[in-house]
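The values are calculated or read from the model by the stated rules, or taken from the named source; none is laboratory data. Keep in mind the model is a prediction, meaning the values are calculated, not measured. Counting neighbours? That spans all protein chains shown, and the Cβs are built from the backbone with ideal geometry, glycine included.
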Amino acid sequence: MRQMAGAISVVVPVFNEAASLRTFHERLSSALLSLDRRVEILYIDDGSTDGTRDALNALRALDPRVGVASFSRNFGKEAAMTAGLHLARGEAVILIDADLQDPPALIPEMIRTWEEGADVVTMRRRSRAGESWLKTFSAYAFYRVFNMLSDTAMPPDVGDFRLLSRRVVDAINRLPERNRFMKGLFAWVGFKVVTIDYDRDARNQGHTKWGFRKLWRFAVEGIVGFSTVPLKMATYVGLTCAVASFVYAVYFLAKTALFGEPIHGFPTLIISILILGGLQLMAIGILGEYVSRLFIESKARPLYLIEEFRPAVSSPPLWVA
Ligand code: UDP
Ligand code: MG
């Protein structure tokens, strides 16, 4: 009997993408056509409210390769990707966005690279069509700051669009933390990474789900989850201030003892109170970020809740021996 080449899972997180779903599925299908492999396409419906779920179930009725998992509410893209990695059974797993910003046409090339021995095939954006300069700039700044602060090196301009081999998926599935900053987790596990450059398209339909607030939270999540440098920074800034204050106090006492002190110096007073107060609040805020992460981890709530899971019809119960 001919040995069947390992099956591929394509994991697609979707949140309110009803408008572009059909086009996406067609483009994905035609990209997968050339492959001599079994495929499952896992759509993770992240609590959509626009009919995406019905559209997905309709797709599944037409295409036996399609599996659909629907969350009980919106848990966010990181949770959706986590669920996809838990459910996927392929020998390799491809993560791709549903808005056609990640061109499905590149999938055969990713698979070839994996066949040549890569464990992780990351896709680097050469350009970011249709994204505001603010987003481009903040992404740039975020990668630079992250890499300055964290021991885990994260290559810039590499998104979630990637292929992961089975052993990498298993490694990620073993990570217990609630803080699912996936880009960081991907970088943390290591293994043999090969990068392919591509041009990122503008969104096909609809609009991005990432407002500035969400991006800011995401950046804080990433940095706090992968670096303790902010905590140490608070210590050193505090220490520097304490030493400076002590020196100033000695000088001040000496001056008062020698020359007396007519009442003045209000500016010095108010400035030092404000600066110290500000620094203290900032340090407490940084502590708070870490303590709140500890709090969340200690509750050990599930990362997502699946309301309904319909696996792909075509997939046998276990692909991977
Ligand atoms: N997405 C998701 N849950 C969310 C937000 C987004 O599953 O809470 C999906 C979305 O449907 C898309 C992908 O994640 O398939 C990327 O989202 P988006 O295009 O909004 O992000 P951007 O490309 O702007 O980073
Ligand atoms: Mg997008």
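I need every pair where a residue in the range 87-107 that is assigned by the TED database to the domain that holds residue 163 and closer than 10 Å to residue 162 by Cβ has its Cβ under 8 Å from the Cβ of a residue that is within 13 Å of ligand 2 (Cβ to nearest atom) and among the aromatic types (Phe, Trp, Tyr), sequence separation at least 6 or different chains.
95/161; 96/161; 102/161
If I go through the range 161-183 residue by residue, how many of them are at pLDDT below 80 and over 25 Å from residue 28 (Cβ atoms)?
Total meeting the criteria: 2.
Which residues, taken from the range 94-130, are surrounded by fewer than 16 Cβ atoms within 10 Å (Cβ to Cβ) and either away from ligand 2 (no atom under 16 Å from the Cβ) or of a type outside the set (Gly, Ala, Ser) (or both)?
Scanning the range 94-130 gives 105, 108, 109, 112, 115, 116, 117, 124, 126.
Scan the range 25-82 for residues that are among the hydroxyl-bearing types (Ser, Thr, Tyr) and in contact with a strand residue (DSSP E or B) (Cβ under 7 Å, 6 or more places away or on another chain) and jot them down.
Within the range 25-82, 43, 48, 52, 70, 72 meet the criteria.
If residue 189 satisfies every condition in (1) in contact with a helix residue (DSSP H, G or I) (Cβ under 8 Å, 6 or more places away or on another chain); (2) at pLDDT 85 or above but one, which is the exception?
If we test residue 189 against (1) in contact with a helix residue (DSSP H, G or I) (Cβ under 8 Å, 6 or more places away or on another chain); (2) at pLDDT 85 or above, just (2) comes out false.
Pairs please, first residue from the range 29-51 and farther than 15 Å from residue 94 by Cβ, second anywhere and among the charged types (D, E, K, R) and away from ligand 2 (no atom under 16 Å from the Cβ), Cβ atoms under 8 Å, 6+ apart in sequence or on different chains.
Hits for this filter: 45/53; 47/73.
How about the range 5-39: which of its residues are within 16 Å of ligand 2 (Cβ to nearest atom) and of a type in the set (Val, Ile, Thr)?
11, 12, 14, 23
Of all residues in the range 94-109, how many are within 12 Å of ligand 1 (Cβ to nearest atom) and closer than 14 Å to residue 40 by Cα?
The number of residues fulfilling the criteria is 2.
Residue-by-condition table, conditions (1) away from ligand 1 (no atom under 16 Å from the Cβ); (2) surrounded by 20 or more Cβ atoms within 10 Å (Cβ to Cβ); (3) under 20 Å from the mean Cα position of the chain (by Cα); (4) hydroxyl-bearing (Ser, Thr, Tyr):
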site: 21; (1), (2), (3), (4): no, yes, no, no
site: 24; (1), (2), (3), (4): no, yes, no, no
site: 27; (1), (2), (3), (4): no, no, no, no
site: 30; (1), (2), (3), (4): yes, no, no, yes
site: 39; (1), (2), (3), (4): yes, yes, no, no
site: 43; (1), (2), (3), (4): no, yes, yes, yes
site: 58; (1), (2), (3), (4): yes, no, no, no
site: 72; (1), (2), (3), (4): no, no, no, yes
site: 92; (1), (2), (3), (4): yes, yes, yes, no
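So which of 76, 51 ends up being modelled with pLDDT under 90 and within 16 Å of ligand 2 (Cβ to nearest atom)?
76
Six or more apart or on different chains, Cβ under 8 Å: which pairs go from a residue in the range 243-264 that's under 20 Å from residue 276 (Cβ atoms) to one that's hydrophobic (A, V, I, L, M, F, W, C) and surrounded by 10 or more Cβ atoms within 10 Å (Cβ to Cβ)? Could you list them?
Here the result reads 245/276, each pair linking the range 243-264 to a residue that is hydrophobic (A, V, I, L, M, F, W, C) and surrounded by 10 or more Cβ atoms within 10 Å (Cβ to Cβ).
Consider the range 174-196. How many of its residues are in contact (Cβ under 8 Å) with a residue 40 or more places away in the chain and in a loop (DSSP other than H, G, I, E, B)?
Counting residues in the range 174-196 that are in contact (Cβ under 8 Å) with a residue 40 or more places away in the chain and in a loop (DSSP other than H, G, I, E, B) gives 7.
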